[in-house]
Amino acid sequence: MEVVCLSSGGKDSTFAAYYAKQKSKLKYLITAKPKEESYMFHYPNIELTKIQANLMGVKQIFYESCSEKEKEVEELKQVISKLKIDGIIVGAVASEYQKKRISKIAKELNLKLISPLWKINQVEYLKKLISLGFKIIITRVAAEGFSKDWLGRKIDEECLKELIKLNKKYKISVVGEGGEYESFVLDCPIFSKKIEVEKSSKIYDEKNHCGRLDIEKVRVLKK
């Protein structure tokens, strides 16, 4: 089965691509670049997904989204409708908003929808990513409990312990599915090489507990 994976550069969509490569033929990655804040798509460092696609050896379809709430969904449908594929794979974990809209697209285009992470145990999932060798950093935070120091932080066993504590104290999603944080994958089993951040800057709002890591320069290294 030939599938397309919706890719934002974060851990969940990259795992979905990893899963697709194990179970199917991953034919395309689709990445939408929103003009501003979007209900459907990530924005921080989205241009760097072009490097990830190259390291995966998968053709990427990269386009600029209108960023209008429902229009951006129809826009995505039009992009997918032009492809010769059998299914769509997504990294949705718990977002009913995203899942519902992608399900609608799949149904209307008569495509199979694959959601390997849907309703997965979030703690066990992060443990699996770490054990598989996914190198992930946090690129955006937007919830109480996250300080500026979280930006650029690697998701490892120690980080997971602190995410669990924040979950207990503030009820955040351990995987950031409620928008509490976003991530970027520097390395994983399906990358031919690894990405290293050479230069970045942090923008953080103390009052609202939100901020982002702007990755300004990277280099690609042999593993």
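Rule-based calculations on the coordinates, nothing more; no lab input. Keep in mind that what you see is a predicted model, and the values were worked out from it rather than measured. Here the Cβ is made from the backbone with ideal geometry for all residues, glycine too, and neighbour counts use every protein chain on show.
Taking R0 as 25 Å, what FRET efficiency do you get between residue 69 and residue 202 from their Cβ-Cβ distance, rounded to the nearest 0.05?
Details: r = 29 Å, r/R0 = 1.16.
Result of the calculation: an efficiency of 0.30.
Out of the range 58-93, which GluC sites (Glu not before Pro) are coil in DSSP terms and have no more than 10 other C-beta atoms within 10 Å? Show your work: numbers first, answer last.
Values: sites: 64, 68, 70, 72, 74, 75; in loops: 68, 70.
For GluC sites (Glu not before Pro) across the range 58-93 that sit outside H, G, I, E and B with at most 10 neighbouring Cβ atoms in 10 Å, the list reads 70.
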Worksheet item: Past the 25 Å Cα-Cα mark, which pairs from 119/169; 77/154; 104/128; 84/119?
Response: 77/154; 104/128; 84/119
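Using a cut-off of 15 Å between beta-carbons, work out the net charge of the residues near residue 193 (Lys and Arg +1, Asp and Glu -1, residue 193 not included). Write down the numbers at each step before the final one.
Working: positive: 50, 135, 194, 219, 222, 223; negative: 187, 196, 198.
Taking every Cβ under 15 Å from that of residue 193, the sum is +3.
Summing Lys, Arg as +1 and Asp, Glu as -1, what charge do residues with Cβ under 11 Å from the Cβ of residue 1 carry, residue 1 excluded? Kindly include the intermediate steps, with their values, before the conclusion.
Working: positive: 23, 25, 27, 112; negative: 2, 86.
Taking every Cβ under 11 Å from that of residue 1, the sum is +2.
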Practice prompt. Label the range 122-221 by shape, choosing from rounded, prolate and oblate, from the square roots a ≥ b ≥ c of the eigenvalues of the Cα gyration tensor; if a/c is under 1.5 it is rounded, and otherwise prolate applies when a/b is larger than b/c, oblate when it is not.
Written response: oblate
Practice prompt. Please say if the range 177-219 is rounded, prolate or oblate, where rounded means a/c under 1.5 for a ≥ b ≥ c the square roots of the C-alpha gyration tensor eigenvalues, and otherwise the choice is prolate for a/b larger than b/c and oblate otherwise?
Written response: oblate
Response to the item:
Percent relative contact order for the chain, counting Cα pairs under 8 Å at least six residues apart, stands at 20
Practice prompt. Counting only C-alpha contacts under 8 Å and six or more residues apart, can you give the relative contact order of the range 122-221 as a whole percent?
Written response: 35
Item to complete: Return the label of the correct value of Rg and Dmax of the Cα atoms in Å, as calculated from the structure shown, out of (1) 17.8, 60; (2) 15.7, 43; (3) 16.6, 48.
Response: (3)
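R0 = 30 Å: FRET efficiency of residue 162 with residue 84, Cβ-based, nearest 0.05?
Details: r = 45 Å, r/R0 = 1.49.
The calculated FRET efficiency here is 0.10.
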Item to complete: Pull up the DSSP beta bridges for the chain and report the antiparallel fraction as a percent, rounded to 5.
Response: 55
Worksheet item: Where does helix 157-170 land angle-wise versus the long Cα axis of the chain, in degrees 0 to 90, nearest 10?
Response: 90
Discussion item. I need the shape label for the range 2-114. Rule: rounded when a/c is under 1.5, else prolate if a/b > b/c, else oblate, with a, b, c from the alpha carbon gyration tensor.
Written reply: rounded
